[in-house]
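The values are calculated or read from the model by the stated rules, or taken from the named source; none is laboratory data. Predicted, not measured: the structure shown is a model, and the values here were computed from it. In this analysis, Cβ positions are derived from the backbone assuming ideal geometry, glycine residues included, and neighbour counts consider all displayed protein chains. With ligands, DNA and RNA removed, areas are computed over all heavy atoms of the protein, side chains included. Shrake-Rupley method; radii C 1.70, N 1.55, O 1.52, S 1.80 Å.
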Amino acid sequence: TGAGRPYVLFDGSNDVLTSELANLGTACTIILAGFIDSYDATVRGFIQVGGTNGGRLAFDNANLKGISGSDIANTTLPSLDTWFVAAITKTASGAITVQKGTAAAVTTSSTAAVTAGAITMGDTAADAVAAVGVGEVLVYDNVLSASNIERAIRALQLKWEATG
């Protein structure tokens, strides 16, 4: 539903949005309200922040993924065409977490540090283009506390009428 608000729709073929983010730092938090329009076994990129080793939110037909470099943390895949809110964090030491809604975060560690670089939506440096809708993205140049992430998730869930 998206509460009837406008959103950006990526067609999964050739739509990509890229913007420079010069002062990202070595850690980040990304919170996104969106939906998946279609999926298959290919890993498809939703959003990436901070160069090749940055934090990425991606998915395939089995999992929603938080990825850094080659390290992957999987969480529950949202239903197709259903608004959800997800958060990923990347610490300066390389640990990455992903969570959908207010479910517990799943963590993995990586040795790849976030570097300054582009923010990309609709694909990522390492993943295929994606058929997705993006309503809102919050990007922080630090790791928010779990309670602040939950507050932001709940606010976006209400705003976008997201189920997860």
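Odds and ends about this structure:
- Qualifying positions in region 63-89 - open to solvent by 30 Å² or more (accessible area, probe 1.4 Å) and at pLDDT 90 or above: 63, 76, 77, 79, 80, 81, 82
- Candidate set: region 90-104, residues that are buried (at least 19 other Cβ atoms within 10 Å of the Cβ) and out of contact with any Gly (no Cβ under 7 Å at 6 or more places or on another chain); chosen: the one modelled with the highest pLDDT: 99
- Test result for residue 60, open to solvent by 10 Å² or more (accessible area, probe 1.4 Å), without any contact (Cβ under 8 Å) to a residue 40 or more places away in the chain, charged (D, E, K, R) and under 22 Å from residue 15 (Cα atoms): yes
- Among (1) at pLDDT 95 or above; (2) under 17 Å from residue 46 (Cβ atoms) - the single one residue 121 does not satisfy: (1)
- Close pairs (6 angstrom Cβ cut-off, 6 or more residues apart or separate chains): within 10 Å of residue 84 (Cα to Cα) in region 151-163, open to solvent by 30 Å² or more (accessible area, probe 1.4 Å) anywhere: 153/102; 160/3; 161/1; 161/3; 163/82
- Residue list for region 139-164, filter: under 23 Å from residue 10 (Cβ atoms), hydrophobic (A, V, I, L, M, F, W, C) and open to solvent by 40 Å² or more (accessible area, probe 1.4 Å): 139
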